[in-house]
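Contents: one structure, followed by commentary.
The values are calculated or read from the model by the stated rules, or taken from the named source; none is laboratory data. From a predicted model like this one, the values you see are computed outputs, not experimental measurements. Here the Cβ positions follow ideal geometry from the backbone for every residue, glycine too, while neighbour counts run over all protein chains shown. To get the accessible areas, we keep the full protein, side chains included, count just its heavy atoms, and leave off ligands, DNA and RNA. Shrake-Rupley method; radii C 1.70, N 1.55, O 1.52, S 1.80 Å.
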Amino acid sequence: MHEWALAEAVVSTVSQIAIREGLRRVTEVRLKVGELQQIEIEILRFALSELKRSSLLEEAEFIIETEKAELRCRVCGHKWFFRRNEVDEDVAEAIHFVPEIAHAYIRCPRCGSPDFEVVRGRGVWLESVEGVK
Amino acid sequence: MADPRVSVIEDRLKKVNKVLSVSSGKGGVGKSLIASTLSLALADKGYEVGLFDIDFTNPSTHIILNAESVSPTEENGVIPPRVRGLKYMSIIYYSSGHVSPLRGVDVSNALIELLAITRWGETDFLVIDMPPGIGDAVLDMIRLVKKANFLVVTTPSKLAFETVRKLASLLLEMRIPIIGVIENMKMRESPFIQEQVEKMGLRFLGEIPFDYSLEEAIGDVNKLLKTMFAQKVKELAEKIALQTLGD
Ligand SMILES: Nc1ncnc2c1ncn2[C@@H]1O[C@H](COP(=O)(O)OP(=O)(O)OP(=O)(O)O)[C@@H](O)[C@H]1O
Ligand SMILES: [Mg+2]
Ligand SMILES: [Zn+2]
């Protein structure tokens with residue numbers, strides 16, 4: 001997902017959680033970002049800092065952790081990591097927008113199968129939201 | 001804890017007035033041709049129309065509309081390119097013709113991703129070209145796109161209608177709005193489908209005859225719009241617009 005769209009999604013989800021939990025303001029948000037989607041963390045941080053203005057998240061600190069993208073072949077069981085420098089620029093770009101497109105381009109390095117799963121490190125996940133009531 | 005993409009989907013579709021999901025329990029009944037032609041017909045009436053191809057393993061509307069020379073632009077997400085006046089989105093802009101073998105969970109993820117990043121903006125009708133069957137795509141539409149209305153396509157065949165009966169019962173059970181049923185590729189007079197549809201309490205929208213000139217028109221929108229098929233779809237578009245905007 002594009003970083004700005006992503007930041008918007010994060011702010012909107014955190015706001016919903018804050019309202020549901022009855023938080024007056026959010027102090028800390030922990031995010032996990034998988035490497036498959038090649039999110040530019042600096043752009044994401046900047047977008048979050050812009051979008052959180054005059055919201056419940058205004059004072060929130062964002063703790064962003066990245067996670068390696070681990071793939072596992074469903075045919076032969078081989079596990080490997082996605083590395084951006086091993087695919088072409090436009091393939092990396094397509095995977096950035098729609099990570100599942102990896103199945104159109106990436107094959108198991110051991111048996112050549114396109115039938116693999118992304119075990120970890122696919123997209124963006126909210127780990128925790130903290131705040132004061 | 002939570003997937004941030006899901007909550008933004010509703011926002012992305014906020015300015016979309018009506019979502020029309022063109023679906024069928026059966027494959028090859030004409031969903032993609034109807035979705036494409038219906039979109040063009042609605043746009044022709046002056047509506048702002050989006051067309052979203054969510055048949056991720058076998059997209060085909062880009063071939064019907066000859067939509068490969070454009071591409072989405074990046075701007076706080078993704079803005080669909082214009083194709084013959086339509087806002088058009090398909091996974092082909094990312095898979096560029098490669099086969100993308102996807103399992104159910106990947107299909108869902110790809111749909112969530114595209115729904116979360118695509119900015120449709122002010123739109124009167126968003127037409128969705130669905131893959132065949134009663135599987136992930138139908139369940140995801142129901143789960144993720146709360147304002148989806150279904151437009152169900154069948155052929156005169158009892159076999160096609162049987163799958164449509166199942167799809168319609170599922171939608172009825174889940175209280176999802178069904179605009180009506182279209183009978184496509186009609187070859188001879190028979191009241192069978194209309195009777196069955198009405199017996200289920202659904203609206204029979206009309207029939208489209210089998211049109212031998214259709215295959216020739218695939219990829220050539222001007223030609224497509226001159227077919228008898230398109231003539232029929234335009235009549236249906238009129239009905240569908242009146243019916244859904246009247247709700
Ligand atoms: N009314 C018609 N007259 C003649 N041919 C038709 C008619 N409607 C559809 N077709 C033809 O039937 C074939 C299937 O159409 P289409 O691809 O639109 O079906 P579909 O339901 O989208 O299929 P799938 O389930 O694979 O997505 C195409 O070759 C199309 O040209
Ligand atoms: Mg189709
Ligand atoms: Zn393998």
For region A:2-132, report the accessible area per residue in Å² (1.4 Å probe, heavy atoms, rounded to an integer).
48
Most to least packed among B:149-162, A:22-35 [average Cβ atoms within 10 Å]:
B:149-162, A:22-35
Quick query: amide H of A:GLU127 versus all other amide H atoms, modeled in the peptide plane; which residues come in under 5 Å with a sequence gap of 5 or more or a different chain?
A:ARG30, A:LEU31, A:LYS32
Work out from phi, with θ = phi - 60° and the Karplus expression 6.51 cos²θ - 1.76 cosθ + 1.60, the ³J(HN,Hα) of each residue of region B:132-149, listed in order in whole Hz, and give x for Gly and Pro.
x, x, 10, x, 3, 5, 5, 5, 5, 4, 5, 6, 9, 10, 4, 9, 5, 10
In region A:2-132, what % of DSSP beta bridges are antiparallel (nearest 5)?
70
Amide H of A:PHE116 versus every other amide H placed in the peptide plane: which residues, excluding those fewer than 5 positions away on the same chain, fall under 5 Å?
A:ARG74
Karplus couplings for region B:219-229 from phi (6.51 cos²θ - 1.76 cosθ + 1.60, θ = phi - 60°), rounded to Hz, Gly and Pro as x?
x, 10, 4, 4, 5, 4, 5, 8, 6, 5, 3
Accessible carbon and sulfur surface of chain B relative to its total accessible area, %, 1.4 Å:
50
Out of the total accessible area of chain A (probe 1.4 Å, heavy atoms of protein only), what percent is carbon and sulfur?
46
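Subtract the Cα-Cα distance of B:LEU245 and B:MET174 from 0.36 nm times their separation in residues, and report this length gain in nm to one decimal.
Residue separation times 0.36 nm, minus the Cα-Cα distance, leaves 23.4 nm.
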Counting only protein heavy atoms and rolling a 1.4 Å probe, how much accessible area do B and A lose on contact, total for both sides, in Å² to 100?
2700
Going by a 1.4 Å probe on protein heavy atoms, which residues of region A:96-130 end up with at least 50 Å² less accessible surface in the whole assembly than in their chain alone?
A:PHE97, A:VAL98, A:GLU100, A:ILE101, A:HIS103, A:ALA104, A:TYR105, A:ARG122, A:TRP125
Between B:ASP140, B:ASP11, B:ASP55, which gets the highest mean-square fluctuation from a Gaussian network model of chain B, Cα cutoff 10 Å?
B:ASP11
